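See below for the structure under consideration.
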2 protein chains.
Amino acid sequence: MTESTKYLLSEDRMPRDWYNIMADFPEPMAPVLHPGTHQPVGPADLSPLFPDTLIAQEMTGERHVEIPTPVRDIYLLWRPSPLIRARRLEKALDTPAKIYFKYEGVSPAGSHKPNTAVAQAYYNAEAGIKRLTTETGAGQWGSSLAFAGSLFDLQVKVFQVRVSYQQKPYRQALMRTYGAECIPSPSDLTESGRAILAENPDHPGSLGIAISEAVELAARDEGTKYALGSVLNHVMLHQSVIGLEAMEQFELAGDDPDIIIGCTGGGSNFAGIAFPFLGAQLRGGRRRRIIAVEPAACPTLTRGRFAYDFGDTAHLTPLTKMHTLGSSFTPPGFHAGGLRYHGMGPQVSHALSLGLIEARAYQQLGCFEAAVEFARHEGIVPAPECTHAVKGAMDEALRCKEEGKAETILFNLSGHGHFDMQAYIDFFDGKLEDGDYDAAGAEAALAQLPQLG
Amino acid sequence: MTESTKYLLSEDRMPRDWYNIMADFPEPMAPVLHPGTHQPVGPADLSPLFPDTLIAQEMTGERHVEIPTPVRDIYLLWRPSPLIRARRLEKALDTPAKIYFKYEGVSPAGSHKPNTAVAQAYYNAEAGIKRLTTETGAGQWGSSLAFAGSLFDLQVKVFQVRVSYQQKPYRQALMRTYGAECIPSPSDLTESGRAILAENPDHPGSLGIAISEAVELAARDEGTKYALGSVLNHVMLHQSVIGLEAMEQFELAGDDPDIIIGCTGGGSNFAGIAFPFLGAQLRGGRRRRIIAVEPAACPTLTRGRFAYDFGDTAHLTPLTKMHTLGSSFTPPGFHAGGLRYHGMGPQVSHALSLGLIEARAYQQLGCFEAAVEFARHEGIVPAPECTHAVKGAMDEALRCKEEGKAETILFNLSGHGHFDMQAYIDFFDGKLEDGDYDAAGAEAALAQLPQLG
């Protein structure tokens with residue numbers, strides 16, 4: 001009993017401010033452009049979709065943004081989340097490396113997503129909004145916004161990518177439990193959805209399409225706004241609470257990570273754990289390796305183009321400069337639904353373009369193998385998205401073993417897989433396959449990138 | 001930010017000993033009898049099923065039993081578990097009562113069951129055992145023993161009540177993830193199972209039948225022992241860690257519960273939270289109301305007989321004096337699979353017979369209504385079993401409102417419902433029905449109680 005397993009912070013040490021990487025980037029990000037005029041957008045351009053407070057957070061260069069007390073009060077239902085040392089996994093891998101993970105699966109919805117869902121619901125409710133629309137892939141985001149909506153009396157309508165809707169019925173049940181409505185996308189509720197269905201009634205859906213549907217409804221209906229679970233700057237801001245806590249917890253542990261790993265779909269759990277550490281480095285602190293792990297079948301960072309693109313399929317969103325496979329790219333229906341996005345958060349893309357982070361891509365079978373090994377030693381069953389981070393951490397630990405290096409590895413276990421057990425069933429039954437990267441599809445989608453002046 | 005939401009203990013304040021209610025009962029319990037001779041059993045009678053250390057714990061009168069270091073080390077993966085004040089629910093109910101819940105869903109398997117699973121796996125591994133058999137209802141116990149087995153390199157074979165096996169495929173996936181084998185019961189692997197199937201090939205199964213199958217295999221196969229997830233004294237002992245932590249957490253909170261509530265199937269989560277408080281009362285402390293809540297369709301404590309009975313259908317287990325509906329009683333297939341047991345833990349039965357605790361029964365529809373209201377305010381979706389405790393706590397809070405009393409209510413939220421979302425789907429779809437109590441079936445089963453000399 002000499003060594004600790006968990007590093008917990010008391011409630012009074014939960015961060016009082018979110019951290020904003022914008023204040024520390026060595027070069028400014030490319031501006032967000034209006035989809036019609038191709039001119040930089042101002043707050044007014046975004047106001048049909050978001051309340052003013054969130055628009056201000058999207059654009060601010062302030063290093064710290066105070067977490068409102070009602071948001072903090074709700075965070076305390078599950079935060080600070082634990083930092084756990086994976087001692088049994090280290091022993092099984094026979095590695096000199098130390099492996100820590102920050103576990104965000106303790107939230108009511110089972111992932112990191114409530115960190116921003118609660119904040120977004122709060123600011124919308126404060127602005128008098130009554131209804132929110134959103135999209136979801138695997139359902140982690142949709143159920144998180146449903147949870148947050150239930151606390152602020154907001155009606156929440158979730159467009160879920162159809163292939164995930166069919167794979168994960170329990171996620172819909174969770175959204176219903178929180179009082180939200182969940183609709184498979186593409187749907188016939190929107191022009192964007194109807195246009196897709198007219199071409200292909202069996203379209204499996206994509207996050208890009210679901211975003212179009214949610215944005216269209218929010219822009220159309222009075223008293224309705226839109227909420228996005230990743231990609232945007234204010235989402236990365238809210239998720240910084242993860243890394244800020246981890247920094248304090250490493251102080252408790254008397255340790256410091258050499259390598260920080262997160263999986264990336266839109267980039268929010270990765271940014272959440274990594275950016276506070278990266279910011280410290282940019283302000284003169286030590287350099288750490290920061291690794292984004294993505295699915296080989298949707299390899300935005302490793303094979304995408306860093307260019308202006310739309311966030312959605314119907315081209316209703318502003319243009320942002322990001323790593324993209326093209327907004328019409330439809331990845332195969334692999335199980336990590338939260339990683340099936342054609343683009344990447346602009347801040348994460350910017351960090352990669354500046355050489356501040358690394359990126360790598362994995363096929364899903366190896367990720368599930370790693371996750372099962374992790375579960376048998378540490379007990380927690382990772383969400384399919386997080387299996388990529390687990391695999392990344394285990395590969396680094398094995399490299400440390402080969403090289404005889406006692407490095408300290410931190411990864412973000414951003415959610416549990418309780419609602420994704422069909423993926424594990426398919427894995428055990430040999431029905432899970434590595435998904436080929438559709439290079440031709442991406443090339444075709446990239447050929448349609450908007451041409452800027 | 002003046003009031004706390006969660007009361008967390010640091011790792012060093014996790015209990016070092018389990019608490020044994022046997023030391024404080026004002027009257028001794030009726031002895032356990034051999035099924036053949038009807039004479040009190042000795043350790044040798046139990047040794048085909050359990051290692052000596054667990055048999056000693058089953059029979060000990062010592063007040064405190066030290067928690068072995070390897071067990072404590074594993075507990076620390078999720079323990080101490082949080083005590084949470086349900087402030088939002090209190091406000092929604094507009095009650096002067098304070099509602100706290102101890103949340104055991106933070107364990108890897110999602111319930112309190114690993115508290116004893118880890119201990120049982122440890123003692124078996126220490127005794128050189130290689131394989132464990134067990135039964136499970138909803139699957140909370142089976143997946144917990146699977147988790148514990150994975151940590152001590154034990155092969156685990158789980159007989160799951162068929163109706164639950166069919167209702168909850170994700171639980172089986174969880175057991176497979178931990179490396180265990182899960183078999184629907186009745187099965188053709190045992191004589192007990194084959195006998196039942198010969199009469200009714202579509203038998204929905206029961207915990208009593210599944211116990212028979214698991215016991216039969218353990219008694220037959222070399223190097224194989226049996227593990228039970230509830231009912232037995234040593235299980236109640238291991239679960240005392242819940243209440244011991246809660247007592248320390250109430251000190252932190254500067255509060256003290258007037259009412260303690262748990263749901264009861266075999267009684268282990270109820271005993272876990274209640275017995276440390278009850279023991280303090282029996283040693284001269286204040287009296288509290290302690291309420292066991294059970295399903296109206298399997299009302300062991302409220303409508304059963306306090307008599308000697310078998311723990312299983314095939315009459316392979318010793319005879320214990322307990323509240324029972326008769327070992328051949330098969331409750332309807334309602335969703336709280338963990339509460340579908342014909343008997344009750346002898347210590348819980350003894351406490352009820354001495355008037356130390358109360359019991360009440362609820363129909364499931366009202367329980368799910370309460371659970372959905374709870375989830376919309378507190379975020380956590382309760383396991384179907386725990387919906388009974390939630391309903392009990394809410395009813396007491398409403399009584400306090402009527403009576404204008406600011407009582408402090410504690411209930412055990414012993415598991416989350418992530419693997420039980422089909423129950424919520426059925427509830428929302430109007431497919432869930434209140435199950436009638438089969439009084440005639442119980443009468444017939446009780447007519448077959450063993451006749452003792």
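All of the numbers you see were taken from the coordinates with simple rules; none came from a lab. The structure presented is a predicted model; accordingly, all values stated were derived computationally and were not measured. Glycine also receives a Cβ, built like all others from the backbone with ideal geometry; neighbour counts cover every protein chain displayed.
Note on the protein assembly as shown: antiparallel DSSP beta bridges, both residues inside, total approximately 35 percent of the bridges counted. Inter-chain neighbour count for B:372-385: the average number of beta-carbon atoms from partner chains within 10 Å of each residue's beta-carbon is 4.
Among the trypsin sites (Lys or Arg not before Pro) found in segment B:357-453, those both in a DSSP coil and sparsely packed, with 16 or fewer other Cβ atoms within 10 Å of their Cβ, are B:LYS405, B:LYS431. For segment A:237-335, the share of DSSP beta bridges that are antiparallel, to the nearest 5, is 55%. When the C-alpha to C-alpha distance is required to be over 22 Å, the pairs from B:LYS102/B:LYS321; A:LYS168/B:LYS431; B:LYS102/B:LYS391 that qualify are B:LYS102/B:LYS321. For chain A, the mean residue ellipticity at 222 nm estimated from helices alone is -12500 deg cm²/dmol, where every DSSP H run of n ≥ 4 contributes -39500 (n - 2.57) and the total is divided by all residues, rounded to the nearest 500. Mean per-residue shielding of peptide A:80-92 is 1, counting Cβ atoms of other chains within 10 Å of each Cβ.
Straight-distance candidates among the aspartates and glutamates for linking to B:LYS113, with alpha-carbon spacing under 12 Å and chain neighbours fewer than 8 residues away dropped: B:GLU104. Close amide-amide hydrogen proximity is noted between A:ASP17 and A:ILE67, each under 5 Å apart and 5 or more residues distant or on a separate chain (H modeled in the peptide plane; Pro and chain starts excluded). Neighbours of B:GLU216 by Cβ distance under 10 Å: Lys/Arg scored +1, Asp/Glu scored -1, total -3. The modelled label-to-label distance between A:GLU126 and A:ASP255, using points 7 Å beyond Cα along the C-beta direction, is 3.7 nm. Subtracting the Cα-Cα distance of B:MET59 and B:ASP153 from their residue separation scaled by 0.36 nm leaves 31.1 nm. With a cut-off of 13 Å between beta carbons, the residues surrounding B:ARG16 carry a summed charge of -4, where Lys and Arg count +1 and Asp and Glu -1.
Taking a sphere under 13 Å around the Cβ of A:LEU197 and counting the other residues whose Cβ falls inside, with K and R at +1 and D and E at -1, yields a net charge of -3.
Across all directions, the average flat footprint of the convex hull enclosing the Cα atoms of the protein assembly as shown is 35.8 nm².
Inter-chain neighbour count for B:169-179: the average number of beta-carbon atoms from partner chains within 10 Å of each residue's beta-carbon is 6.
FRET efficiency for the pair B:PHE428 and A:ASP188, taken as 1/(1 + (r/R0)^6) with r the Cβ-Cβ distance and R0 = 22 Å, rounds to 0.45.
Each label point was placed 7 Å from the Cα along the Cα-to-Cβ direction; for A:LEU365 and B:GLU373 their separation is 5.2 nm.
When both bridge partners sit in chain B, DSSP labels roughly 35% of those beta bridges antiparallel. Amide H contacts of A:ILE99: A:ALA86, A:ILE409, each under 5 Å away and 5 or more positions distant or on a separate chain (H built 1.01 Å from N in the peptide plane; Pro and chain starts excluded). For B:CYS182, the residues whose amide H sits under 5 Å from its own are B:VAL158, ignoring neighbours fewer than 5 places away on the same chain, with H placed 1.01 Å from N.
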